[in-house]
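Only one structure is covered here, and it is reproduced in the block below.
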Amino acid sequence: MSKIHKASCDCGAVSFEVELKDTAVTACHCASCQKISSSFFTCVHYNGEIDFKGADNIKIYDSSAWAQRGFCNQCGSNIYYKTKSAPQYSLAAGLFDDKASFDLKTQYFIDIKPNYIELTAKTDNMTRKECFDKWG
Ligand SMILES: [Zn+2]
Ligand SMILES: [Zn+2]
C-alpha cells in the first residue's frame, strides 16, 4: 500500500517526503557503498523527482560515470544514490522515520561482501557479475 513516508538526515538540514509504492529494502555491498558507509548501503527505491527541503545542504558527488551520491554537507548523512540519466533514486533507508513496513529483500554485490558482515534476512542475492549484467 502506498503511503507518504517522511525522511530526514541526522542533523535535520535535509528532509523530504515521498510516497513509496514499494518498501522493499536493498542492501548494497559494492566497493563504493562499503567506502561511504563503512559497512553496506541500505536503500528503498523511488522513481521520480523529489522536492528536498534544505536542498542547498545536499552535496552531490559523481560516484561513477552514470551515478551520483548525495549527502548532507552539515552532518554527512547519506541521502541517496541516483542515476544521472533519470530521476531513479536509491534513498538511504535509515533516513526514514517509520520503517515498520520496510523489509530487506535483496542484496547486491553479495560476492564482495566482507566476511564480518552477515545479514540474516532471507534475501534475493545478486553477485557483482549479475549486477553488471543487469545494469550494463
Ligand atoms: Zn544533516
Ligand atoms: Zn553499492
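Quick note: the coordinates plus some simple rules give every number you see, no bench work behind them. Treat the numbers as computed from the prediction; the structure is a model and nothing was measured. Cβ atoms come from the backbone with ideal geometry, glycine included; neighbour counts cover every protein chain shown.
Numbers below:
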read-out	value
Nonlocal amide H pairs with Gln107, under 5 Å, H built at 1.01 Å	Ala27, Asp124, Asn125, Met126
Residue among Thr83, Thr26, Thr42 with the largest mean-square fluctuation in a Gaussian network model of the chain, springs linking Cα atoms under 10 Å	Thr83
Charge context of Gly70, other residues only, Cβ under 9 angstrom, K/R +1, D/E -1	+3
In Hz, Karplus ³J(HN,Hα) per residue of region 25-33 (6.51, -1.76, 1.60; θ = phi - 60°; x = Gly, Pro)	9, 10, 10, 10, 9, 5, 4, 5, 5
Cβ-Cβ FRET estimate between Ile117 and Asp51, R0 fixed at 30 Å, reported to 0.05	0.30
From phi via Karplus (6.51, -1.76, 1.60), per-residue ³J(HN,Hα) for region 115-124 in Hz, x at Gly/Pro	4, 7, 10, 9, 9, 8, 4, 6, 10, 7
Alpha-carbon Debye profile of region 69-136, log10 I(q)/I(0) at 0.15, 0.25 Å⁻¹	-0.69, -1.26
Helix-only mean residue ellipticity at 222 nm for the chain, each DSSP H run of n ≥ 4 adding -39500 (n - 2.57), per residue, nearest 500	-3000 deg cm²/dmol
Whole-number percent relative contact order across region 3-131, with pairs defined as alpha carbons under 8 Å at least 6 apart	27
Cut-off 13 Å between beta-carbons: net charge of the residues surrounding Tyr108, Lys and Arg +1, Asp and Glu -1	+1
Among Ser39, Ser101, Ser90: highest mean-square fluctuation, GNM of the chain, C-alpha pairs under 10 Å	Ser101
Under Karplus coefficients 6.51, -1.76 and 1.60, residue-wise ³J(HN,Hα) of region 71-78 in Hz, glycine/proline x	9, 6, 7, 9, 10, x, 4, 5
Filter on Lys59/Lys84; Lys53/Lys122; Lys21/Lys113 - keep pairs with C-alpha separation over 25 Å	Lys53/Lys122; Lys21/Lys113
Area projected by the alpha carbon convex hull of region 1-114, averaged over all directions, nm²	6.9
Surrounding net charge for Gly48, when Lys and Arg each add one and Asp and Glu each subtract one, Cβ distance under 15 Å	-3
